[in-house]
Amino acid sequence: MKVKIGKKILNANESFAEKNRRIFAKNNILCFNMISSPGSGKTTILVRTIGELAGKIRIGIIEGDIQTDLDAQRIRKTRAPVVQINTKGGCHLSAAQVNKAIKLLPLDRLDIIVIENVGNLVCPSVFELGEAAKIAVLSVAEGDDKPAKYPEIFARAKAMLINKIDLLDLGAQIDFNIKRVEKDARKLNRKIEIFHVSAKTGDGFKNWCSWLMELSKK
């Protein structure tokens, strides 16, 4: 019975995901679903990305959080359009929630929409939202075992951002092996794009932003 209920939930979600895909296609918008553990730096990455691409790519954000609009407030300071979704305990965003949020964005003035999902590496990975691609984010502070422990998102992601690489300067105080992370991720997904970035210092953002620009032109 649990399997049947699960299928019904996913089928209903996929129906809205398909509606979202049609909306994005009609408006020629590239949509990304950004997924990570809490505290990996997703919002800081988005704030810097919006700044780096100002005047080049028009970006809108859908913020997913269990409570508060703290991250949305940070995005608003960049003047990028943002819509907040509070799940009130839910561990992931649904395609139906995203469908409502899309309608509150100025679609005719956007090139890219990034959905910042609820901080969770498990649940969001299996719920399609209509995105063109998933972006996985992990930070140096979290440890290097995430692709091995949470394979689903890294197997599905088009790109992985390894954030907070500035912390590697701490040496022995940070036990993080980038080569292990890359090896484990590529075992799951040999085509995954990998970017080493620091949202704090801006290191690595040139390559990340160039990749976004290339995709937006296709």
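Could you list, ordered by first residue, the pairs with Cβ atoms under 7 Å in which the first is in region 134-155 and over 18 Å from Leu168 (Cβ atoms) and charged (D, E, K, R) and the second is buried (at least 16 other Cβ atoms within 10 Å of the Cβ) and at pLDDT 95 or above, at least 6 apart or interchain? Final answer for the pair search is Lys134/Asn33; Lys134/Ile35; Lys134/Ile153; Lys134/Arg156; Lys134/Ala157; Lys134/Lys158. Of the residues making up region 145-197, just one is touching an Asp or Glu at 6+ places or on another chain (Cβ under 7 Å) and acidic (Asp, Glu), namely Asp166. Considering only residues in region 146-161 that are surrounded by 23 or more Cβ atoms within 10 Å (Cβ to Cβ) and of a type in the set (A, V, I, L, M), the one that is farthest from Leu215 (Cα to Cα) turns out to be Ile153.
Here are some conditions: (1) crowded, with 16+ Cβ neighbours inside 10 Å; (2) in a loop (DSSP other than H, G, I, E, B). Gly39 meets all but one. Which one does it not meet? It fails just one condition, (1). Comparison of Leu129, Leu138 shows that the only residue that is more than 16 Å from Glu14 (Cβ to Cβ), under 12 Å from the mean Cα position of the chain (by Cα) and either crowded, with 19+ Cβ neighbours inside 10 Å or of a type outside the set (D, E, K, R) (or both) is Leu138. When Ala199 is tested against the conditions (1) of a type in the set (A, V, I, L, M); (2) in a loop (DSSP other than H, G, I, E, B); (3) surrounded by fewer than 18 Cβ atoms within 10 Å (Cβ to Cβ), the lone failure is (3). Within the bounds of region 82-91, is there any residue that is at pLDDT 95 or above and basic (Lys, Arg)? No; the residues of region 82-91 include none that is at pLDDT 95 or above and basic (Lys, Arg). Scan region 162-195 for residues that are buried (at least 18 other Cβ atoms within 10 Å of the Cβ) and either in a strand (DSSP E or B) or in contact with a Cys (Cβ under 8 Å, 6 or more places away or on another chain) (or both) and the total you get is 3.
Considering only residues in region 45-63 that are in contact (Cβ under 8 Å) with a residue 60 or more places away in the chain and within 12 Å of the chain's Cα centre (by Cα), the one that is farthest from Phe195 (Cα to Cα) turns out to be Leu46. Of the residues that make up region 11-34, is at least one among the polar types (S, T, N, Q), buried (at least 16 other Cβ atoms within 10 Å of the Cβ), modelled with pLDDT under 95 and over 16 Å from Glu116 (Cα atoms)? Taking every residue of region 11-34 in turn, at least one turns out to be among the polar types (S, T, N, Q), buried (at least 16 other Cβ atoms within 10 Å of the Cβ), modelled with pLDDT under 95 and over 16 Å from Glu116 (Cα atoms).
Going through region 49-64 one residue at a time, which ones are touching a Ser or Thr at 6+ places or on another chain (Cβ under 9 Å) and in a helix (DSSP H, G or I)? Selection gives Ile50, Gly51. Please work out which residue is nearest to the chain's Cα centre (by Cα), limiting yourself to region 64-79 and to residues that are among the hydrophobic types (A, V, I, L, M, F, W, C) and surrounded by fewer than 24 Cβ atoms within 10 Å (Cβ to Cβ). Here the answer is Ala72.
From the list Asn117, Asn99, the lone residue that is surrounded by 23 or more Cβ atoms within 10 Å (Cβ to Cβ) and either under 22 Å from Ala185 (Cβ atoms) or in contact (Cβ under 8 Å) with a residue 60 or more places away in the chain (or both) is Asn117.
The values are calculated or read from the model by the stated rules, or taken from the named source; none is laboratory data. Keep in mind it's a predicted model, so treat the numbers as computed, not measured. A quick note on method: Cβ atoms are made from the backbone with ideal geometry, for glycine too, and the neighbour counts reach across all protein chains shown.
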